[in-house]
Structures are given as structure tokens and as C-alpha cells.
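The block underneath contains the structure these notes are about, expressed in C-alpha cells.
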Protein chains: 2
Amino acid sequence: MKIKIGIVGAGNAGINIHGSALTAGKIPTSKSRFPHRSQSYDVEGLYEITGFYDISLERAKEAAKLFGTKAYDDYLKFLSSDVELVVIATRPHSTHVSLSIQALEKGKDVVVEKPIAMTSSEAQGMIDAAKKYKRTLTVHQSSRWHLDFLCVKEILKKNLLGRVQMIKMIKPCGEKSGGVLHEFGSHRIDQMLVLAGEFPYEVSAIMENPLAKDYSFGWFDISMRFKNAPPMEVGILPSEGYVFPCWYIKGEKGWWVQDWCDRTEDLFQKIQKKSRLGYDYLPEFLQVKPKTPSFYRNLYEVIREGKELMVRPEESRNGIRVMELAVESAKKKKTIKAGGINV
Amino acid sequence: MKIKIGIVGAGNAGINIHGSALTAGKIPTSKSRFPHRSQSYDVEGLYEITGFYDISLERAKEAAKLFGTKAYDDYLKFLSSDVELVVIATRPHSTHVSLSIQALEKGKDVVVEKPIAMTSSEAQGMIDAAKKYKRTLTVHQSSRWHLDFLCVKEILKKNLLGRVQMIKMIKPCGEKSGGVLHEFGSHRIDQMLVLAGEFPYEVSAIMENPLAKDYSFGWFDISMRFKNAPPMEVGILPSEGYVFPCWYIKGEKGWWVQDWCDRTEDLFQKIQKKSRLGYDYLPEFLQVKPKTPSFYRNLYEVIREGKELMVRPEESRNGIRVMELAVESAKKKKTIKAGGINV
């Protein structure tokens, strides 16, 4: 039985990311990117979009028309409809908390766009609400499905580099991106925590303007040490063009360098020729059809079949906690010892 | 009046680096690289090589023949000759200490190849001996004259990037270089300490096999925090080819990316096109003849005219101390708070 899904925020993310993915790219949106991606190959017939909510009725109507569904500018009316699952794809990110909690209170399951919240205690409040109302809460950490990341995971899983000694992940950004830590960091830090499988005990960071109250960091560079995982560095640094190798992984048996990439057709050409795993290495499962269920496939199986969530909200909260420790480190100009966190 | 100089160690460094530089490239040695470099354009007529010492008389004779001078395999006889200044260019590096101290005791000035010593307390012993016998002791930190480094110094000095927020310097190395920390680290760490102008208060490092007693580290990655200088990272990491930008400097006004380079003719082509200082930026003083006195020009002026040393042995000792803290950090898997050091 299809899940009735309502989208909150009729902007780029609501239309071009979630709307496009949920309809498996069948609706030609202006910037549909999902058909090319690994997140939307297995969702056909699983979802029915029952409405768009936006504070602008005009925007909501436009989106609703595109997808042949209803438009709302009254959040309570939207929540009182037959929608079962609510996607929060709004800006500013600070709106995620109250919109999510209201939906959970009304008995809806919730998908929230990254970053889950602006602080880890807000994120904890959302997790607590989901528990209280016995609803599913998950975060659209889409970069877990990026092909470069799946490739890196596969290399580590297959132990192709031997014991891994260090992982660096540095991506370029423009000179003035603004809000980079929450905007892009929420992808990259999440990836690192997934690879580590635990919370770091040391966090050291440098970033632009760590005292800014609007979180308008232009760039960051965060180092983490883990008990059972190799030390990791994750940075978004200004530099037009790819002067950084993006992924650099050093293991006892060799090293791996790879550019960022989220589309299958780009992966082959983006794998650096110098990687010490041989030329044109590509995990088998990426050469055919990805075997990992997509985000929305997994979510369907969670809600309808009681399977396990692939993106637990606690993981996203931990990512936000790392950001807080990174900001503290950058402010105090020293390495911060991170206390254990309840994962 | 020419300084009578004797070279200890008739190997590659003794012949191709020091012999070649002291004769301003006039003697065609097998691998003369100095004529191309900025260290040897102003030394003509300043030095007279009076002898080569080596534990192998045959090697000493070959070198002596090439440069038209005397050969020794008895260190005390060598020191009893009319040599005024002794260049220690021997391996293993652990021989630097006793050879230097013996020469200082005999009233000779001393140039020692990097690394000055294997431990900071050995280096301190050498400094103490120089003070006791009132002789000049300096270290051949040749990479201070590399053009990439002079370019970086110039950019910082002219404040072209505004307040500098971060400096990264990562060079590639082969998979199994061995002894990388002392062999190559003594160049790069020295450069970073010169840029900082002070000793770091935090050192955090990852390196291969930090427990090895033979210092056979294959690679390292060291982060440092300074009171009055931007945070710095200095690494030598395995990766054939230049997947790293080498220098990456982020300042408030822009960023600078540059490959490693020690020869003028390479500098133009090695400056990355993407640097935010405009295309083809090159400090004026590098486009004509370098204005910085060469290592041996400066040393001549120190010994004959009482000028100040450009490479103080205390600086090299500090570099060794950073290596010790880095090894401690890598062993203990945590950031080390570095106590103040007597600079």
C-alpha cells in the first residue's frame, strides 16, 4: 500500500530533490537530478504525494500543480489531511525543529532535510518527540548514497587497503559560500561518522569566523580522533576547481585517492589514475545496479514492513554535536576532548 | 680573505651539494644541481676547499681529486690541518653530534647537514659546545632557499592574502621512503617554524609506525597551533604524482595554491593557475636575481664580518623538538600540549 506523503517547503529541495525522487523522475521538474542518482531507482509505486505546504500559497500551488496534488498554506490543515509521512524541506534550517515536532505530535512520520537542526539539543528534542509519539523520524542524509562514498565504504569493507591509518576528505568551495558548516558539513561529517561507526574523542577545528552568531562560516577544516577508527580530517576549503583530491585514504597496503561524485556516469572518469588499487578500480556492485536500497525504499520498508532505518536521527544529532565541538575548538583555538555521547 | 673549508663525508651531499655550491658550480660533479639553485649565485671567491675527510680513504681521494685538494681518513689529522670551517655531511645522521662537537672543541666553525641531530637534547649539546668554544654553528636548512618557499614568504610578508587563517603544506612521497620524518620532515618542519616565528603550543600527528626505534617512518602528517601565527599542517604522504597542492594558504582576502619547486625555471609553470592572487603571480625579486644572500654568502659574512646567522642552530633544534612531540602524539594517539621552549 502506497504511503501518503506530504512535502513541506515548495522550493528547490521540495520539488527537485524530494518530489523528483518520490516520482522516480517521472515528473519533469526544472532541475531534476534524481533520475541520474542512486537514490531513486527503486521507489516506483511506493509513494503518493498528497500535498505541498508552503508559507507562500502561490509557491505551494505551483508545486501541487506540477505533481497533480493539493496545496496548503496552513500547516495545521496540511497535518489534518490524510498525509501519513511529512517531508520537511524548508529554510532556514532553524524551522526544522518546530515543523518536525508539530508533525510528530499529530501522529505523522517525519523525514527532515539535513541539517536535522541547528543544535544537538534541538535534535535531541526531535528524537524525544518521535519516541513519545511512537513515530518514525529520519534525516535525508543523501550523500550516504553518493557513489564516491559507496565506493570508499566498499574499499574499507573489503579491506583492500589493509588496516586504515588515516582518512582525509577535503572538498573545495567558493570564496563566500556562507553557512558551509551546516549546509555542506552536515553531509561530510555524517559520512565520516558513518565510516568511523563511533563518536570522536578529540575534535580540533579551524574555521572562518567561528564567533558568528548566524553560522555564516565560509569554510572549515575539522580533525577527529577515534578509539577504534583511523584519524580523520574533513574540510570544505575555498579553492575554485579541484586542487584537493577529495578522498585520500592511507592504509597499510596502499592508498586511495578519489574525486567527489554522485552520478554513476561520472565515477569512472573521476577515479584518480594514481590510486594504489590499480587503474579503474570500481566496486562490482556499482558497475551494475546498486544493491543498497535507496533512501525512500528503505523508509517504505521501515514504515510498512518494520525493517531498520538506514539513517537514524541519533546519527544526525551526533553530526551536529561534532559541529558544536568544532566551533568550540575554533573559538578556543585548541583541541577539544569530546565526552562520550549517547549514540 | 677566503675561508678554508673542509668537507666531512665524501658522498652525495659532500660532493654534489656542498662541493658544488662552494665552487659555484664550476666543478662539474656528477649531479651538480647547485648552479640552477638560488643558493650558489654569490659565493665565488669566498671559500677554498682545503680537504675531504671520509672513513673510506678511497672515497675521500676521489672527491679530493675532483676538487684539487687533500684527502683524509683520520678525523683528528683533518681537524689539525689549517681548515677553519668544517662541513658535516655524513650518514647516518646520528654521526652529526660527535663529529660536530669534536670540530668545535678544536676551534673550528661548523656547518652541519640537516637534520642537526636525532634528538633535541643532542642538538642542545652541540649548541652548548659552540657557545663554550665560541665558534659559529649553523645547519644547512637548504629548503629555506627553495623558490616556492621564498614565494610563500613574500606573499605573507606583503600581506597579499590579508590575515592568514591556515597554512597547509603537503608533499607526496613514495610508498616506502623510510626515515621520512628526519630526512624530509627536517626541511618542511623548519619552513613552518620559520613562517610561524615561534614554537607551537599544540602538536598533533599521525605517522606510520611511531614506535619504530630506527625512525623508519614512511610518512607523517603533523598539525600545529601557534599563539601568534595561523594553524599549520605539514605532511609527507604517500601518493605518486602531485595529487596534493603542496602549499595551500588561506587568508581573509583569498587563497594561494602552489606546487613545490626549487629552481627558478620551474617556478612559473608550477604556480597553479587557480591561485586567488591572479595568474602568473611571481614576486618581483624572484623574477630577477634573488636578493636573499645564499647560505654560504651569509655564513661568510657571519665569520668574516660579524653579521647575523640566517640559520641559527636553535631553530633546527626546535624542529627536532617538534618531531619528538609529533612522535609522542602519534604514539599516544592524542594532541600534545607543547611546553614553551627556550628559543
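Shielding value for A:247-258 is 3, the average number of Cβ atoms from other chains within 10 Å of each residue's Cβ.
Each copy carries a label point for B:Glu308 at 7 Å from Cα along the beta-carbon vector; from one copy to the others these points are 6.4 nm apart, nearest first. Pairs from the table (A:Lys157/B:Lys333; A:Lys337/B:Lys334; A:Lys70/A:Lys307) lying more than 20 angstrom apart at Cα are A:Lys157/B:Lys333; A:Lys70/A:Lys307.
What percentage of the solvent-accessible surface of the range B:1-145, computed with a 1.4 Å probe over protein heavy atoms, is contributed by carbon and sulfur atoms? Carbon and sulfur together cover 52 percent of it. In this rough spin-label picture, where each label sits 7 Å from Cα along the Cβ direction, the A:Lys158-B:Lys334 distance is 3.8 nm.
Per-residue 3J(HN,Hα) values for the range B:295-305, derived from phi via the Karplus relation 6.51 cos²θ - 1.76 cosθ + 1.60 with θ = phi - 60°, read 3, 7, 5, 4, 5, 4, 5, 5, 6, 8, 10 Hz in sequence order (x marks Gly and Pro). Interface between chains B and A: roughly 3200 Å² of accessible area buried, both sides summed (probe 1.4 Å, protein heavy atoms only).
Computed from the alpha carbon positions, the gyration tensor of the range A:3-140 leads to an equivalent ellipsoid with semi-axes of 23, 16, 14 Å, biggest first. Loop-resident trypsin sites (Lys or Arg not before Pro) (DSSP state other than H, G, I, E or B) in the range A:91-146 with no more than 11 further Cβ atoms inside 10 Å of their Cβ: A:Lys134. The residues of the range A:3-140 present an accessible area of 41 Å² per residue when probed at 1.4 Å with all protein chains retained. Measuring r between the beta carbons of A:Lys131 and B:Val194 and using R0 = 60 Å, the FRET efficiency lands at 0.60.
Qualifying GluC sites (Glu not before Pro) in the range B:303-340, where qualification requires a DSSP coil assignment and no more than 11 other C-beta atoms within 10 Å, comprise B:Glu308.
Taking θ as phi - 60° and the Karplus parameters 6.51, -1.76 and 1.60, the scalar couplings of the range B:140-156 work out to 7, 7, 4, 6, 5, 9, 5, 5, 4, 5, 4, 5, 4, 4, 5, 4, 5 Hz in sequence order, x denoting glycine and proline. Ascending distances from the B:Arg91 label point to its copies in the other chains, with the point 7 Å along the Cα-to-beta-carbon line: 5.8 nm.
In this label model, A:Glu252 and B:Val302 are separated by 4.4 nm, measuring between points 7 Å along each Cα→Cβ vector.
The values are calculated or read from the model by the stated rules, or taken from the named source; none is laboratory data. All values reported here derive from a predicted model rather than from experimental measurement. Cβ coordinates were reconstructed from backbone atoms using ideal geometry, including for glycine residues, and neighbour counts include every protein chain displayed. Side chains included, ligands, DNA and RNA excluded: accessible areas come from the protein's heavy atoms. Shrake-Rupley method; radii C 1.70, N 1.55, O 1.52, S 1.80 Å.
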